[in-house]
Amino acid sequence: MIITRQMRPSDLIGVYALMNTNLDGSFSMETIEYFGTMWPEGQFVAEDLFGNLRGALTGARMSNGRASIALFAVDSGYRGQGIGSRLLREFRMKCFMQGYTEIQLELRTTNISARTFYNRHGFIISETVPDLYGPGEDGYRMVAKVNHVSS
């Protein structure tokens, strides 16, 4: 059984480990902590009954009615079990309750599984961002309506 909840300061080390073992790239503890201090209500984790973190989503506030998913990871051993969908639903609900109308995110153009996941949840590619992840590593910016009902 998995529960989702808002991230707590005590989750920082676990989220750091989760992000750095399940995402391409390396993220500092300060980066994760920054999102938590800038928008505490926009940070979510998924944990099992033993308190082990199995997923995390860090959100950021933007302008013009838009929020952003800054970092989002599900433990590779637990993918395909609905954890990411649950975290995304929690985030969408928080965005809705705080008056945001759209969510944006970026991902590598080569990350087909993430793109498929986001498409299923109503995200569409709004632009290609050259060299977003370094020279020759392009990214997609994707957007979705907050009130989209995903499958």
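The values are calculated or read from the model by the stated rules, or taken from the named source; none is laboratory data. Only a predicted model underlies this, so the values are computations on that prediction, with no experimental measurement involved. No Cβ is skipped: glycine too gets one built from the backbone with ideal geometry, and neighbour counts run over all protein chains shown. These area figures cover heavy atoms from the full protein model, side chains too; ligands, DNA and RNA do not enter into them. Shrake-Rupley method; radii C 1.70, N 1.55, O 1.52, S 1.80 Å.
Some observations on this one:
- Ellipticity at 222 nm from helices only: DSSP H runs of n ≥ 4 in the chain, each -39500 (n - 2.57), divided by the residue count, give -9000 deg cm²/dmol.
- Max mean-square fluctuation residue, GNM over the chain, Cα-Cα springs under 10 Å, options I103, I13, I124: I13
- Distance between the 7 Å Cα→Cβ label points at F27 and R61: 2.0 nm.
- Where a label projected 7 Å from the Cα of S76 along Cα→Cβ would reach, residues of the range 9-28 with amide N under 12 Å: 20-25
- Annotation: extensible slack from D131 through I2 equals 42.8 nm (criterion: 0.36 nm per residue apart, minus Cα-Cα distance).
- Kirkwood estimate for the range 31-108, i.e. one over the average of 1/r between Cα atoms, Å: 12.9 Å
- Carbon/sulfur fraction of accessible area - the range 71-151, other protein chains in place, 1.4 Å, %: 51 percent
- For D75, the residues whose modelled amide H falls within less than 5 Å of its own, excluding neighbours fewer than 5 places apart on the same chain, are G55.
- Overall Cα dimensions of the chain, principal axis frame, Å, largest first: 40, 34, 30
- Heavy-atom accessible area order for M7, M93, M29, M142, largest first, 1.4 Å probe: M93, M29, M7, M142
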